[in-house]
Protein chains: 2
Amino acid sequence: MARGGKKNDSETVTAAVLVIGDEILSGRTKDRNIGYIAEYLTNIGIRLSEVRVVADEEDRIVEAVNALRSKYSYLFTTGGIGPTHDDITADAIAKAFDRPIDIDERAVAIMRTRYEPGRLTETRLRMARIPQGAEIVKNSVSSAPGFMLENVVVMAGVPRIMQVMLDDVAPRLKTGRRMLSRTVRVERPEGDVAPGLKRIQQDYLDVQMGSYPYFEKNRLGTNLVLRCTDAALLEKAHAGLWRMLEEEGFAPHATDIAPEAPDGEMT
Amino acid sequence: MARGGKKNDSETVTAAVLVIGDEILSGRTKDRNIGYIAEYLTNIGIRLSEVRVVADEEDRIVEAVNALRSKYSYLFTTGGIGPTHDDITADAIAKAFDRPIDIDERAVAIMRTRYEPGRLTETRLRMARIPQGAEIVKNSVSSAPGFMLENVVVMAGVPRIMQVMLDDVAPRLKTGRRMLSRTVRVERPEGDVAPGLKRIQQDYLDVQMGSYPYFEKNRLGTNLVLRCTDAALLEKAHAGLWRMLEEEGFAPHATDIAPEAPDGEMT
């Protein structure tokens, strides 16, 4: 959790991620795309604001796509653009936008560079189905492309392929001011740190201050994270936090890399 | 992706997960709760149907809680029940239900067993705030409890604590028929397998058939997953799939453990 820093400005570019996949909901596959996209967008100055995971049912996908694309600057989807009968994302996107969808000659041309003519079967050509008016998003791993329709970026679910698609589309996205952050680690439970943190938060209302407990070697500790787009203000707040922690005798550690705690962390 | 098996029956118990946390959306912390809860619920006969991740803003939490609790049998939330100023989940849940919230004597009694009187500060007592009418969910790791209000289960975000809370609440949940699954691995890209898989799916409409590509040692392969609550039907469909794969010369491998592919997998 983090609060503060709610000041919104016209420079803020927001995004949502929609993970499409029964395999995530059944627990069989552990998602690794959400965290990757979250970090990537933060680094380029796009604020990830919501994530949803839905089953591969057309109604669910259409509903989520329409809810999220109207609410945020961008929507990124992962999953469901392969060649099998259960890959229904492209058609669902076309339905959400009420656009026709058919085999796209640009996609076919790209896929011809990878597949021998005999292997570019009707089944594989399902992967060239792209809604009318969409731009191609390149896939340097296995050729079959993703696409971008208005503010919706449709990517594969295989992490390696999703990652190259994100690299391809990133230069086309508008971005805002980068969110900067500083992390301070304290080997004390949150309850000890809370009163001082609250005071510092009141002094710096434009800096988001988050407190994230972790559980390590059978003890609770806390990572305190300050986030702000203004570097000078961030440093001032960080200095204030550090001074408070020292005064209270909490021995702060500087860390800007989250430790890989054996039991993880999360508030 | 998986399709088929859409037959719904009165025995189906559904759930959603709501992850509350800026730290997940910023990418600083990688969520490990979604996958854990998904697998746990599948194993006890509850169908996870949707996941959302929202920022720790009261309006967002209230909106998501009300959307999800009315749509599914259960809603499980993680995160935001600590002692710091940024932990606002309990109050947001009370608001979503329009219930009063205050320090709960049952929670205080539990926390007294862990904290010396002097250390059970006003700050820590924030963790004893529970909406009126909620049941306690025990936390054997660090005492401060979660709670269950009607069909909403509110848990901590630290994975180790969330896990013991899930163990505590599980016996109180109604469950449906367990979803059973069989996985077959083929060292061939999805495009090769798709036509045969489509035929088998048409023969067994009540079995969900999913195709999940993976990328390993620079080659694409496919895990085929069959899911069904009827064990006999599942075995029949599995035998049919296996026979098809052998006839096509695809050398199926039996596997019911998803391999840890270096590049992961996901459709």
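Values computed for the structure shown
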{"quantity": "Net charge contributed by nearby residues that have their C-beta within less than 13 Å of A:ASP203 (K/R +1, D/E -1)", "calculated": "+3"}
{"quantity": "Peptide-level mean, for B:29-41, of C-beta atoms on other protein chains within 10 Å", "calculated": "6"}
{"quantity": "Cα gyration tensor category, rounded, prolate or oblate, for segment A:189-230 with a/c compared to 1.5", "calculated": "oblate"}
{"quantity": "Label 7 Å beyond Cα on the Cβ vector: A:ARG112 copy-to-copy distances, nm", "calculated": "8.0"}
{"quantity": "Rg/Rg_globular for segment B:1-153, with Rg_globular taken as 2.2 N^0.38 Å and Rg from C-alpha atoms", "calculated": "1.11"}
{"quantity": "Two-decimal Rg/Rh across segment A:63-143, once Rg and the Kirkwood Rh are taken from alpha-carbon atoms", "calculated": "0.99"}
{"quantity": "Rounded to the nearest 20 debye, dipole of segment A:180-254 from Cβ charges on Lys, Arg, Asp, Glu", "calculated": "160"}
{"quantity": "Axis-nearest residue of B (beta carbon) for the B-onto-A rotation, whole Å", "calculated": "B:ARG52, 3"}
{"quantity": "Shielding by partners, peptide A:11-18 (average Cβ within 10 angstrom, other chains)", "calculated": "1"}
{"quantity": "Nearest-ten-degree value, helix B:58-69 long axis tilted from longest Cα axis of chain B", "calculated": "50"}
{"quantity": "Cα point-scatterer Debye curve for chain A, base-10 log of I(q)/I(0) at q = 0.09, 0.14, 0.15 Å⁻¹", "calculated": "-0.52, -0.97, -1.06"}
{"quantity": "Segment B:166-218: C-alpha gyration tensor shape, a/c 1.5 cut-off, then a/b vs b/c", "calculated": "oblate"}
{"quantity": "Long pairs among A:LYS198/B:LYS71; A:LYS217/B:LYS138; A:LYS198/B:LYS174; A:LYS71/B:LYS95, criterion Cα-Cα beyond 31 Å", "calculated": "A:LYS198/B:LYS71; A:LYS198/B:LYS174"}
{"quantity": "Copies compared at B:ALA239 - label distances in nm, ascending, label defined 7 Å from Cα in the Cβ direction", "calculated": "7.7"}
{"quantity": "GNM flexibility winner over chain A from A:ALA237, A:ALA15, A:ALA128 (Cα, springs under 10 Å)", "calculated": "A:ALA237"}
{"quantity": "Teacher prompt: A:THR12 distances to equivalent labels in other copies, 7 Å Cα→Cβ, nm", "calculated": "3.8"}
{"quantity": "Footprinting exposure proxy for B:LYS174, B:LYS95 (fewest neighbouring C-beta atoms within 10 Å first)", "calculated": "B:LYS174, B:LYS95"}
{"quantity": "Gyration tensor (alpha-carbon) shape descriptor, segment A:180-254, a/c threshold 1.5", "calculated": "prolate"}
{"quantity": "Net charge contributed by nearby residues that have their C-beta within less than 11 Å of B:GLY133 (K/R +1, D/E -1)", "calculated": "-2"}
{"quantity": "Computed over the protein assembly as shown, the ratio Rg/Rh where both radii use C-alpha atoms and Rh is Kirkwood", "calculated": "0.99"}
{"quantity": "Within chain B, helix-based [θ] at 222 nm, where runs of 4 or more DSSP H residues each add -39,500 (n - 2.57), nearest 500", "calculated": "-10000 deg cm²/dmol"}
{"quantity": "Chain A: most fluctuating residue of A:ASP91, A:ASP203, A:ASP104 per GNM, C-alpha cutoff 10 Å", "calculated": "A:ASP203"}
{"quantity": "log10 of Debye I(q)/I(0), alpha-carbon scatterers only, for segment B:27-91 at 0.17, 0.18, 0.19 Å⁻¹", "calculated": "-0.70, -0.77, -0.85"}
{"quantity": "Computed magnitude of the charge dipole of chain A (debye, nearest 20; Cβ of K, R +1, Cβ of D, E -1)", "calculated": "460"}
{"quantity": "Exercise: per-residue mean of other protein chain Cβ atoms within 10 Å, B:209-217", "calculated": "6"}
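Only the coordinates and a few stated rules stand behind these numbers; no lab work does. No experiment lies behind these values; they were computed from the predicted model shown. As a convention, Cβ positions derive from the backbone with ideal geometry for all residues, glycine included, and neighbour counts pool all protein chains shown.
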